[in-house]
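So the structure is just underneath, and the comments pick up after that.
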Amino acid sequence: MNIHEYQGKILFKQAGVKVQDGIHCKTVIDALSAYDSLGTKIVAVKSQIHAGGRGKGNLYDPKTGNLIMEGGVKIAFSREEVETYASNIIGRKLVTKQTGPEGKIVNNLYIESGCSIAHEYYLALLIDREAKSVVIMASKEGGVDIEEVAENTPEAIHKIWTHPINGLDIKDAENMADQLGLIGSSKDDLVSMLSSLSKMFVEKDCAMIEINPLVRSDSGEMIALDAKVSFDDNASYRHPWMDEMRDHSEEEEVEIRAHEHGLSYVKLDGNIGCLVNGAGLAMASMDVIKLYGGEPANFLDIGGGATRESITTAFGIILEDENVEGILVNIFGGIIQCDMVARSVIEASNELGLKVPLVVRFSGTNHVEGKAVLDNCDLDVHTASTLAEGAEKIVKLTRGE
Amino acid sequence: MSIWIHEESKVLIQGITGKQGTFHGTMMDEYQTNVVGGVTPGKGGQIVELPNKNVPVFNSVSEGLEATNADVSVIYVPAKFAAAAIIEAADAFEQNGGGLIVCITEGIPILDMIRAVARVDGYQNVRLIGPNCPGIITPGENGGCKVGIMPGFIHAKGRIGIVSKSGTLTYEAVAQTMSVDEGQSTCVGIGGDPVNGTGFIDCLAAFEADPQTEAIVMIGEIGGSAEEEAAEWASKNMSKPIVGFVAGSTAPPGKRMGHAGAIISGGKGTAQEKFAAFEAAGIYVARDPSEIGNVLVKALKDAGLR
């Protein structure tokens, strides 16, 4: 689960990480009163969406598609500028490198006190899968695209790993400060920040904390000017507050609905819907559709505990996608029995008035019974014995061959 | 032989009185797995009826090991309690000369897994397979040793070792070996979580050392770099032929594809990179899982094994 910058900064404050004063707003009027109450002449007006690259992104009118303003994060030097920027941002579509061309509508704004910047750094905490621990990454080159830094000058990124049980070793944090060239109170600030963040990472079950930029102010303070925080969904049961921080408008409604039914669904751009049991097999089914010249419309794993009801929901979700011109069902029965899937598929097809071609491939538990159920029904359904055969058939059928 | 489990392995079931534990305990027993008991805290002294025998329930893994001398423990407890169950089993096995832990549970918080894996890695004779995996199976002449949720009947004893991140895709690989009249020595599902116990390299090394295994099928998926590392390791250390497939060539970047670990992040962990690493390491590549059988036959023929 991702949260907004303003929410991340609330958590940072609680954890003892230095941030600038700021106020979350949803309207231009709010933004103006936030400016008045912050009392600093210079403020940052920041679009809040769940994607990076906001500063370099562009705002468009969602209806006309016209460019409204360049840059989703603006520095305002007056009350008038706050008004201009806020009205250019709220309700507009922000397109950044990470949102893709469809962009995201900005519903939230953050007005933050300005900050004198001596230098910008990059800092992130994330899971290192190979090292099986939390890694802290930092670089002197902040405020830029870190993936480019990693690609072109990997030696500019410094890494330390926390111990799975003992957490951060202060000596490692001090070394990191040295590598970033920090001295005096700036070094102390960074060491204390790393210690606070690594504790927060564990206590809140974070998946990632990214601060880009982390800045050293003119007075030498280390301040988190950005906050990109995400959490491990598997741990949400022990953090009831996560629900309050969830912004449903930032999430794909259909993916949430799928999740509620025990399904794992990701929409893609193709025309062949797929319904599969198992994540690996679901990906492989997409890949094989592509190999035979088709384009998958979705990833859909019905999971090991699928029922008639969840399969009907899955069918409904696939058919909601207007691009879908055919469906491939690929089931390797383990716990799931193919005949149960067959009956569910027939029921769902009848209920939803299936109009596109359907190919079903069964293997494993009760595949013979499953095929018999399909062979004896009124539905126009094609069967296949291997994934390749199924993919080839559905690709041909969608082409009218 | 086989790797890590064999027909005589004695298996404990953590969570045996739960719905999943009882159901899969029954299926394991039907496959002739030597289930010797189960563990559910607070239910020690109860008996669970399996098709072939009744087995005792213990309050803790160490009690269970003392009474049964089990060498394998399989975990079917809910995600909230699974990491603690792994740690309990690891500590108990360490006291008892070692053992294999197989964790089937999906959805364990990643930081819990980091702590659990660190504990297991501190013990030389304790191995963890999973979590979020179908388990491990060594088919025998009549049934065999099935520690997990895979359908037993699709397997047959043979000479192909299988290692995979995915569940149903492993079954697909098994079916592919069967379609070319080859059976399996051992099939290991290492799971789709970003932080897990046993990895590809552990499995490849064990298959290389196992006289029954003559060739290996390795199934990867997008995310992380375990496939690349395994390929590089294999190019230096494996004499037996390997057939590889990677799921997720069509997966979009930045989207989690079902498994917690199946995500292309920062442009890294793509199927293209993994296939390229396989090819560079001399691994026989199948681009379509339905081709694994044919590619395997070619690999065996090239090695003079068929």
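The values are calculated or read from the model by the stated rules, or taken from the named source; none is laboratory data. These numbers were taken from a predicted model, which means no experiment stands behind them. In this analysis, Cβ positions are derived from the backbone assuming ideal geometry, glycine residues included, and neighbour counts consider all displayed protein chains.
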#### Entry: Residue count, the stretch B:225-256 (criterion: facing chain A (nearest Cβ under 7 Å), touching a strand residue (DSSP E or B) at 6+ places or on another chain (Cβ under 8 Å), part of a loop (DSSP other than H, G, I, E, B) and of a type in the set (Gly, Ala, Ser))
3
### Message
When you check residue B:111 against the structure, is it more than 25 Å from residue B:184 (Cα to Cα), touching a helix residue (DSSP H, G or I) at 6+ places or on another chain (Cβ under 8 Å) and free of Cβ contacts under 8 Å to residues at least 24 places away in the same chain, yes or no?
### Response
yes
### Query
In the list A:155, A:174, which residue meets the criterion of being modelled with pLDDT under 95 and part of a helix (DSSP H, G or I)?
A:155
### Task
Only residues that are within 28 Å of the chain's Cα centre (by Cα) and in a helix (DSSP H, G or I): list them for the stretch A:191-232, please.
A:193, A:194, A:195, A:196, A:197, A:198, A:199, A:200, A:201, A:202, A:203
### Task
Please enumerate the residues belonging to the stretch A:91-101 that are more than 13 Å from chain B (Cβ to nearest Cβ) and surrounded by fewer than 20 Cβ atoms within 10 Å (Cβ to Cβ).
A:91, A:101
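Yes/no per residue for (1) within 14 Å of another protein chain (Cβ to nearest Cβ); (2) closer than 21 Å to residue A:201 by Cβ; (3) in contact (Cβ under 8 Å) with a residue 12 or more places away in the chain:
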{"site": "A:227", "(1), (2), (3)": "no, yes, yes"}
{"site": "A:231", "(1), (2), (3)": "yes, yes, yes"}
{"site": "A:236", "(1), (2), (3)": "yes, yes, yes"}
{"site": "A:255", "(1), (2), (3)": "yes, no, yes"}
{"site": "A:265", "(1), (2), (3)": "yes, no, yes"}
{"site": "A:273", "(1), (2), (3)": "yes, no, yes"}
{"site": "A:279", "(1), (2), (3)": "yes, no, yes"}
### Message
Just to be sure before I move on: is residue B:232 of a type in the set (Asp, Glu) and touching a Leu at 6+ places or on another chain (Cβ under 7 Å) in the structure I sent?
### Response
no
#### Entry: Qualifying residue in the stretch A:108-127 (condition: within 24 Å of residue A:10 (Cα to Cα), in contact with a helix residue (DSSP H, G or I) (Cβ under 6 Å, 6 or more places away or on another chain) and surrounded by fewer than 19 Cβ atoms within 10 Å (Cβ to Cβ))
yes
### Task
Give the residues of the stretch A:138-163 that are closer than 23 Å to residue A:202 by Cα and either without any contact (Cβ under 8 Å) to a residue 12 or more places away in the chain or buried (at least 19 other Cβ atoms within 10 Å of the Cβ) (or both), sorted by residue number.
A:138, A:139, A:160, A:162
### Message
I need the full set of residues from the stretch B:257-271 which are more than 8 Å from chain A (Cβ to nearest Cβ), under 22 Å from the mean Cα position of the chain (by Cα) and on the phi < 0 side of the Ramachandran plot, in order please.
### Response
B:263
#### Entry: Which listed residue is in contact (Cβ under 8 Å) with a residue 40 or more places away in the chain, in the same structural domain as residue A:262 (by TED's automatic domain parsing) and more than 19 Å from residue B:175 (Cβ to Cβ), from A:318, A:311, A:331, A:346
A:318
### Query
Would you call residue B:208 part of a helix (DSSP H, G or I), within 13 Å of chain A (Cβ to nearest Cβ) and surrounded by fewer than 19 Cβ atoms within 10 Å (Cβ to Cβ)?
no
